[in-house]
1. With charges set only on the Cβ (+1 for Lys and Arg, -1 for Asp and Glu), what does the dipole of the chain come to about its Cα centre, in debye to the nearest 20?
2. Quick one: which residues, 5 or more positions from Gln216 or on another chain, have an amide H under 5 Å from its amide H? H modelled 1.01 Å from N in the peptide plane, none for Pro or chain starts.
3. Tell me whether the range 153-234 comes out rounded, prolate or oblate; compute the Cα gyration tensor, take square roots of the eigenvalues as a ≥ b ≥ c, and use a/c under 1.5 as the rounded threshold.
4. Got a number for carbon plus sulfur as a percent of the chain's accessible area, 1.4 Å probe?
5. Given labels modelled 7 Å from the Cα in the Cβ direction, how far is it in nm from Ser60 to Thr104?
6. If I model a spin label at Ser88 and Glu202 as a point 7 Å from the Cα along the Cα→Cβ vector, what separation in nanometres do I get?
7. Which of the three applies to the range 1-111, rounded, prolate or oblate, going by the alpha-carbon gyration tensor with a ≥ b ≥ c and a/c under 1.5 meaning rounded?
8. Per 5 Å bin, what is the whole-percent P(r) computed from every C-alpha pair distance within the range 38-169?
Amino acid sequence: MSYLLLWLEGPLQSWGADSKYYNRTTLPFPTKSGILGLLCCASGRGGKQKEWLEHMSGYSMMVRSYARAHCGQPLRNPILRDFQMVGSGYDLSNPWENLLVPKTADGKKPVGSGAKITYKYYLQDMAFACVYEMPENEVLDMDNALKKPVWPICLGRRNCVPTAPVECGVFETEEKAKNYADDLAEKEQRVCILTVYDGIKEGSDDVWTIRDVPIQFGLYKEYADRQISIFIEQ
């Protein structure tokens, strides 16, 4: 096995595991479904991808979270809530504008304007190192795909654009990949605030169960649960 290192940095990121309808939350670190979706975009994989996801989801993923140090103290609360209106200001008599207005469950015209209030949450000015375990015969192909992605890649949501190269190379061990990421973070004056591992690890500060293991993508997405261990670094 080898280890692929991804560096995820941008002004905004959003990694939802249980977001539904009009309240789109984010976890404080990238999800496995988000990372595999990013890799699908880089390698041009569309549709359900059930077999590929079953193959890839079983490999381990480690994430380290880096905040910008400010006056010697890291940013502890980087959450931004964005208020949006969906379907506001459209003319229902215009057939094209009418398509943009939310409808009832049976497709009929909404009551009133049809506008819906949505709340979307983002992480501000964060960076993450994602170390993904992969077989040696596959990791180089994925590394090359990240260098020249087939489709644009994003940091959770389409409007979250990376501001640094995502591809950071392939390493023999997880520890070597982690050390490389720590050196990169130090050059950017960032400090690690937490580390997330697959499964239950001895000595962890917390254990979560999150629903972020993708079973299939496409129009009708399906997910399964996994347990993660969180180590607080600062």
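1. On the way: 27 positive and 30 negative charges, 249 e Å.
Computed about the Cα centre, the dipole is about 1200 debye.
2. Long-range HN contacts for Gln216: Glu222.
3. Details: a/c = 1.90, a/b = 1.17, b/c = 1.62.
The shape class here is oblate.
4. Working: 6650 of 12900 Å².
Using a 1.4 Å probe with all protein chains present, the chain comes out at 52 percent carbon and sulfur.
5. 5.4 nm
6. 5.5 nm
7. Values: a/c = 2.96, a/b = 1.47, b/c = 2.01.
Oblate, because a/c is 1.5 or more while a/b does not exceed b/c.
8. 2, 7, 12, 14, 12, 12, 12, 11, 9, 6, 2, 0
The values are calculated or read from the model by the stated rules, or taken from the named source; none is laboratory data. Predicted model only: the values in this text are computed from it and were never measured. For neighbour counting, all protein chains shown are included, and Cβ atoms are generated from backbone atoms with ideal geometry for every residue, glycine included. Keep in mind that these areas ignore ligands, DNA and RNA; they rest on the heavy atoms of the full protein, side chains included. Shrake-Rupley method; radii C 1.70, N 1.55, O 1.52, S 1.80 Å.
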